[in-house]
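The values are calculated or read from the model by the stated rules, or taken from the named source; none is laboratory data. What you see is a predicted model, and the numbers here were worked out from it, not measured in a lab. Here the Cβ positions follow ideal geometry from the backbone for every residue, glycine too, while neighbour counts run over all protein chains shown.
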DNA sequence: TCAAAGAAGTTGAGGTTGTCAACTATCTAT
DNA sequence: ATAGATAGTTGACAACCTCAACTTCTTTGA
């Protein structure tokens, strides 16, 4: 692991450790995408589509240009996982909605991705809880 | 025996929170890459090159095909950030070595990426330390 | 010893991702 | 009503990524 330990701030070292942990799961995520025959950005898109949303919002969440979303959604739509629907209020907007099959795939996907990596699963449960509580506190504020 | 963590286990929730935290930093990472005029996979490659290594090892760390590494390294080399050098023991192997400029860029890059996100930096220092210690424990075992 | 098997890296084909500029259609605010 | 903004698409172009096929070199084992 190429942890760059910042001796001056515990938050910086914690962040580096989180990056290492996340990086160690890259291969697993790629394998999950392949398992569902989805390209990684397609998997990322489906992951964000718990609720219907305009294409522009998906672009925002993926931090990419909206013209890029057009192509990703094209491919998901041609596989029957997503539909483009007219928005009630604004005829410019296209709402993205998962099909039944899309919902099914998303459910499986999220389940597989939520499995914690061995480094976390191997922690004593008290430590798991402490970690969870700290992260809850960080992300709620 | 290994307990498969379900979605209610503390480790699973901690992992989900970590994924959220990491996902929230996607835009910042992309911005850093752009700042250095590096494509994201190029940035990822340089990040891993703290020490000289064969191309195959970089492929392993990036969890991608070695033919992909050829192209990424080509572009880094044409920018003068990396060199391909013959390996002493095995003439098939090409060792990747950062140039002086490559080292400089890598240093800046790692420094920028190590800045903790606001959610962590805003935690009380005692919590930062607790988080760091928990993560150290998880990643060392 | 030496032929077969295997590993490191490159090439080329083909599809996906990503950005940018330009465009259409629609909405909003004066 | 018109000017300006916004949502989404298109086309051009570069980078990414995998696969199969190939070269070069190393290792294996009969």
Can you confirm whether the range B:122-141 contains a residue that is more than 7 Å from chain A (Cβ to nearest Cβ), surrounded by fewer than 16 Cβ atoms within 10 Å (Cβ to Cβ) and under 19 Å from the mean Cα position of the chain (by Cα)? yes
Number of the condition not met by residue A:100 [criteria: (1) more than 14 Å from chain B (Cβ to nearest Cβ); (2) in contact (Cβ under 8 Å) with a residue 12 or more places away in the chain; (3) away from DNA strand C (no atom under 12 Å from the Cβ)]: (2)
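Kindly indicate whether any position in the range B:47-58 is at pLDDT below 95 and away from DNA strand D (no atom under 11 Å from the Cβ). Let's see the steps before the verdict.
Let us first name the residues in the range B:47-58 that are at pLDDT below 95, namely none.
The answer is no; no qualifying residue exists.
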Among all residue pairs at least 6 apart or on different chains, which show Cβ distances below 6 Å where the first residue, located in the range A:61-79, is more than 15 Å from residue A:95 (Cα to Cα) and the second is at pLDDT 95 or above and within 8 Å of DNA strand C (Cβ to nearest atom)? A:63/B:30
Restricting attention to the range A:50-92, the residues that are in a loop (DSSP other than H, G, I, E, B) and surrounded by 20 or more Cβ atoms within 10 Å (Cβ to Cβ) number exactly 1
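From A:33, A:14, A:19, which residue is free of Cβ contacts under 8 Å to residues at least 60 places away in the same chain, in a helix (DSSP H, G or I), near DNA strand D (Cβ under 10 Å from one of its atoms) and in contact with a helix residue (DSSP H, G or I) (Cβ under 9 Å, 6 or more places away or on another chain)?
Values: A:14 fails: near DNA strand D (Cβ under 10 Å from one of its atoms); A:19 fails: near DNA strand D (Cβ under 10 Å from one of its atoms).
Going through A:33, A:14, A:19 in turn, just one is free of Cβ contacts under 8 Å to residues at least 60 places away in the same chain, in a helix (DSSP H, G or I), near DNA strand D (Cβ under 10 Å from one of its atoms) and in contact with a helix residue (DSSP H, G or I) (Cβ under 9 Å, 6 or more places away or on another chain): A:33.
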Any residue that is more than 16 Å from the chain's Cα centre (by Cα), within 13 Å of chain B (Cβ to nearest Cβ) and within 13 Å of DNA strand C (Cβ to nearest atom) - is there at least one of those in the range A:47-55? no
